[in-house]
Amino acid sequence: MGVEVLSTDAMSGASDALLTVTDLRTHFHVGEHVVKAVDGVSLTVHKGKTLGIVGESGSGKTVLSRSIMGINTAPNIETSGSVTYNGTELVGSSRSTMRKLWGAEMSMVFQDPMTSLNPVVKVGRQVTEHLRSHQGVSKSEARQAAIELLKWVRIPEPEKRLENYPHQMSGGMRQRVCIAIALACGPKLLFADEPTTALDVTVQHQILNLLSQQQRERDMAMVLVTHDLGVVATRTDEIAVMYAGRVVEQASTSTLFDDMRHPYTQSLFWSIPKTSEPKHTRLSAIVGRPPNLAALPPGCSFAARCPYAQDVCREQAPELQPTEDPSHLFACHLPVGSDEGRRALEVNVQLGLPQAKSAALRATVAGGGR
Ligand code: SF4
C-alpha cells in the first residue's frame, strides 16, 4: 500500500482503558437549527497507547476532543452521553473537578500555537505560571523546571528563549513551547488537535516525531486528531474515522490499512501521496463537500459523495457493526471489498457518476477493490 503501518497489540486487550466514551453527543443550538457536530460516538483510549481520529474539516473530530476535555461550555451547547476518565464521569462534572484534571491528568496541544500563547507575555512566564498554578512550586523551582521542559522539547538555549515573546520564535518553536506547557504537569492523556497544520512539512515531521517520542518516554496515552490519514499511519495504535459527527470505521491501525471497509476511509486513503506511485500521479480529491450538520440527509450521510451509493444508502442510515474481527467496526451497506460493493460501483460507473469513475480508476491502479 506504500504506507508503513505500526504493528500493535492495542486491540488485543493487552492494555487497560484510560478513557471510555459512550454515545457522546454534542449538539449546537443555533437559532431554530440543531447542529449535530458529534452524534453518538463511542470509543476507548488505552493507557500508554495512541488513538488517531481522522476526518475532513467539519467531521466533528475537534468538537469531539474538546467535548471530552470539557471545554465546550457555551450555553447553546448540549452535551449528553458518558465520558469516563480513570473511572470518573466527566459529562456534567463541575468546573472545579475539570480544573483538577486539566494539566495534571489530561491536556491539549491546539492547532495554531499563535492563538494558544499570549502574544504580550514572555514565553518563560507562560510556562512558569502554568507550573506554579498547577504544582504550587516556588518561582525559582518553576524557572528551573521550565528550562528542563524546553530542553525536553528540543529548544536550544532554553535560558535565553524564556526571555522571548512568542512572535520572536518560529512557528515550530512556538508549537514546541505549547507542547512543553501541555506536558508540564505530566498528564496521562494528551490530545493533539491538528498539531502541525500551521507548520511547513519539515517542521511537521519534527513535531510529530517529538510528540511520539514524548508519548513513549512518558508512557502517556495520546489522541492524535488530524485530517491526514498518512499522519496517523505510522504513529497510532488504533484509528477512528469520523464523518458528519459519527465514527464510520474503527480498527487497529494495521487492520484499517490492510482491510478498510468504508468507502470514506478508502477515499481518504486515496488522497494520501504515496512514494510507491509514479511522479506526477494526480491525487484523488473526494468529490463534493461534507454535508450541512444542521440538515443531514436521511440515510447515509456520505451517500451524495460515495462512489458505491445505491437507493438503500439514501433510505437507511447504516449502523456501526463489527466485521469477523469484533474490534473492527464499520457503518456501510455496501462495503469496500464485498461483492455487493463491486456491483454497486459498476452500476454507478455505467451511470457516469464522477466519483464512481474516479474510484474505478483508482481501484484498477491499486490492482483491486481497495
Ligand atoms: Fe454510505 Fe452506501 Fe456509501 Fe456505504 S455504500 S458509505 S452506506 S453511501
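The values are calculated or read from the model by the stated rules, or taken from the named source; none is laboratory data. Just so we're clear, the structure is a prediction, and the values are computed from it rather than from any experiment. Note that we place each Cβ from the backbone using ideal geometry, even for glycine, and neighbour counts take in every protein chain shown.
If you scan the range 42-54, which residues turn out to be on the phi < 0 side of the Ramachandran plot and of a type in the set (Gly, Ala, Ser)?
Correct list: Ser42, Gly52.
Please verify whether the range 253-260 includes one or more residues that are in contact (Cβ under 8 Å) with a residue 12 or more places away in the chain, β-branched (Val, Ile, Thr) and buried (at least 24 other Cβ atoms within 10 Å of the Cβ). Taking every residue of the range 253-260 in turn, at least one turns out to be in contact (Cβ under 8 Å) with a residue 12 or more places away in the chain, β-branched (Val, Ile, Thr) and buried (at least 24 other Cβ atoms within 10 Å of the Cβ). Of all residues in the range 296-326, those being more than 7 Å from the ligand (Cβ to nearest atom), out of contact with any Leu (no Cβ under 8 Å at 6 or more places or on another chain) and in a loop (DSSP other than H, G, I, E, B) number 13. Note on the range 56-78: among residues that are assigned to a loop (DSSP other than H, G, I, E, B) and either among the hydrophobic types (A, V, I, L, M, F, W, C) or on the phi > 0 side of the Ramachandran plot (or both), the one that is nearest to the chain's Cα centre (by Cα) is Gly60. The listed residues are Leu329, Leu334, Leu293, Leu345, and the only one of them that is under 24 Å from Asp259 (Cα atoms), more than 11 Å from the ligand (Cβ to nearest atom), surrounded by 15 or more Cβ atoms within 10 Å (Cβ to Cβ) and among the aliphatic types (A, V, I, L, M) turns out to be Leu329. Taking the range 219-239 as the range and being touching a strand residue (DSSP E or B) at 6+ places or on another chain (Cβ under 9 Å), farther than 23 Å from Asp259 by Cβ and not β-branched (Val, Ile, Thr) as the test, the residues that pass are Met220, Ala221, Met222.
Of all residue pairs spaced 6 or more apart or on separate chains, those with beta-carbon atoms under 8 Å, a first member in the range 153-179 that is over 15 Å from Ala198 (Cα atoms) and of a type in the set (A, V, I, L, M, F, W, C) and a second member that is assigned to a loop (DSSP other than H, G, I, E, B) and modelled with pLDDT of 90 or more are Leu162/Lys122.
For Ala233, state whether it is crowded, with 24+ Cβ neighbours inside 10 Å, more than 15 Å from the ligand (Cβ to nearest atom) and either among the aromatic types (Phe, Trp, Tyr) or within 18 Å of the chain's Cα centre (by Cα) (or both). Spelling it out, it is not the case that Ala233 is crowded, with 24+ Cβ neighbours inside 10 Å, more than 15 Å from the ligand (Cβ to nearest atom) and either among the aromatic types (Phe, Trp, Tyr) or within 18 Å of the chain's Cα centre (by Cα) (or both).
Against the numbered list (1) over 22 Å from Ile179 (Cα atoms); (2) touching a strand residue (DSSP E or B) at 6+ places or on another chain (Cβ under 8 Å); (3) among the aliphatic types (A, V, I, L, M), Ala285 comes up short only at (2). Within the range 184-234, the set of residues being touching a residue at least 60 places away in the same chain (Cβ under 8 Å), of a type in the set (Val, Ile, Thr) and not in a loop (DSSP other than H, G, I, E, B) comprises Val223, Val225, Thr226, Val231, Val232.
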